[in-house]
Every structure is written in C-alpha cells, then in structure tokens.
Amino acid sequence: MDEKPNPRLATGWRRVVFVCLGMMFVGLGYLGVLLPGLPATPFLMIASFFFVRSSPRLHRWLHRSPVFGRLLRDWETHRGIRKPAKIVAICMVVTAVTCSIIFSGLPIWAKCLIAGLALVGITTILMVPTVNDETPRAH
C-alpha cells in the first residue's frame with residue numbers, strides 16, 4: 001500500500017492541546033478495555049490521530065503497545081481489522097450484553113435497548129473491512 005506522508009506537526013498551544021487530547025483518549029481506551037459497553041478501539045484511533053499531529057514519540061509508543069499496536073497499525077496501513085480481532089470483539093460484546101441482560105434487575109425496555117445497541121455495535125464491527133490473513137502485518 002502507498003505510504004501516506006505524515007501530517008504537519010502542530011506547534012505551540014495547538015501541540016499541547018493535541019497531546020493532552022491524545023492522552024485523554026488513551027485513558028478512555030484503557031477504560032474501554034476494563035468496562036463492558038465502552039469501546040476501546042475508537043478512542044485509541046482518535047488518540048493516534050492527535051499523536052501523529054503532535055508527537056511522533058507518543059505516536060510510536062501507542063503503535064508499539066503490545067495490546068493495541070497491531071490493531072492500530074493494521075488500521076492505518078490496510079484500513080481494516082483482522083478476522084481474529086473481529087471475533088474477539090464480537091464475543092466480548094455478546095458476553096457483556098448477555099450477562100447484563102440476564103443478571104441485572106433492569107426493566108424489560110432497558111434490556112431491549114441494551115440488546116439493540118449491542119446489535120448496532122456488532123453490525124458496525126462486521127461492516128469494517130477485514131484484513132486478509134495473507135496480508136503482511138504492518139511493523
């Protein structure tokens with residue numbers, strides 16, 4: 001795939017704001033790993049957006065993360081997600097939502113709302129392009 005040139009680095013106050021926003025979204029991403037119903041990946045993609053425009057060092061740090069690095073590199077390189085990552089994401093959504101519906105004392109309308117939102121999330125995951133296993137991994 002063609003290499004895209006990195007965007008111009010922000011300077012001054014704009015750089016400080018971008019770094020702070022990037023760190024905030026990394027924090028939200030890590031919360032998304034711990035809290036069911038809060039997605040991690042979109043927050044980390046937003047963090048990557050801010051870091052590539054403000055701090056090459058933080059951008060490299062995020063992309064070298066043992067937890068999220070491969071996913072972010074695949075997205076930036078191939079604009080997609082590998083099949084195993086999709087399977088894990090869907091299984092986590094199904095597990096969290098099933099437990100929430102079965103073990104909560106929520107009214108039926110709230111349980112239906114949760115199930116409907118889960119279907120939207122699963123549909124979104126399925127709509128993201130799948131990177132073939134034969135495609136070389138981004139390094």
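Tabulated data
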{"read-out": "Answer from LEU106, LEU113, LEU126 - the residue that is under 30 Å from SER48 (Cα atoms) and out of contact with any Gly (no Cβ under 7 Å at 6 or more places or on another chain)", "value": "LEU126"}
{"read-out": "Test for THR77: is it touching a strand residue (DSSP E or B) at 6+ places or on another chain (Cβ under 7 Å), of a type in the set (Ser, Thr, Tyr) and touching a residue at least 12 places away in the same chain (Cβ under 8 Å)", "value": "no"}
{"read-out": "Top-ranked residue in region 91-110 [being more than 30 Å from THR77 (Cβ to Cβ), of a type outside the set (Phe, Trp, Tyr) and assigned to a helix (DSSP H, G or I); ranked as nearest to the chain's Cα centre (by Cα)]", "value": "VAL97"}
{"read-out": "Test: residue in region 11-18 that is modelled with pLDDT under 90, on the phi < 0 side of the Ramachandran plot and not basic (Lys, Arg)", "value": "yes"}
{"read-out": "Only one of ARG64, ARG73 that is surrounded by fewer than 14 Cβ atoms within 10 Å (Cβ to Cβ) and closer than 30 Å to ALA10 by Cα", "value": "ARG64"}
{"read-out": "Hey, VAL26 closer than 17 Å to GLY121 by Cβ, of a type outside the set (Lys, Arg), part of a helix (DSSP H, G or I) and touching a helix residue (DSSP H, G or I) at 6+ places or on another chain (Cβ under 9 Å) or not", "value": "no"}
{"read-out": "Selected residue [surrounded by fewer than 16 Cβ atoms within 10 Å (Cβ to Cβ) and assigned to a loop (DSSP other than H, G, I, E, B)] from LEU31, LEU113, LEU38, LEU117", "value": "LEU38"}
{"read-out": "Any hit, region 126-137, residues being assigned to a helix (DSSP H, G or I) and not basic (Lys, Arg)", "value": "yes"}
{"read-out": "Residue satisfying all of: in region 60-90; touching a helix residue (DSSP H, G or I) at 6+ places or on another chain (Cβ under 8 Å), in a loop (DSSP other than H, G, I, E, B) and not aromatic (Phe, Trp, Tyr); farthest from MET127 (Cα to Cα) among these", "value": "SER65"}
{"read-out": "Only one of ARG57, ARG8, ARG15 that is surrounded by fewer than 18 Cβ atoms within 10 Å (Cβ to Cβ), outside any helix (DSSP H, G or I) and not hydrophobic (A, V, I, L, M, F, W, C)", "value": "ARG8"}
{"read-out": "Region 107-122: number of residues that are under 13 Å from ILE90 (Cα atoms) and among the β-branched types (Val, Ile, Thr)", "value": "2"}
{"read-out": "Breaking point among (1) over 12 Å from the mean Cα position of the chain (by Cα); (2) within 30 Å of ALA115 (Cα to Cα); (3) buried (at least 17 other Cβ atoms within 10 Å of the Cβ), for ILE46", "value": "(1)"}
{"read-out": "Top-ranked residue in region 82-97 [being surrounded by fewer than 13 Cβ atoms within 10 Å (Cβ to Cβ) and either in contact with a Lys or Arg (Cβ under 7 Å, 6 or more places away or on another chain) or not aliphatic (A, V, I, L, M) (or both); ranked as nearest to ASN132 (Cα to Cα)]", "value": "LYS83"}
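The values are calculated or read from the model by the stated rules, or taken from the named source; none is laboratory data. Note that the coordinates shown come from a computational prediction; the quantities given were computed from them, not determined experimentally. Positions of Cβ are backbone-derived with ideal geometry, glycine not excepted, and every protein chain shown enters the neighbour counts.
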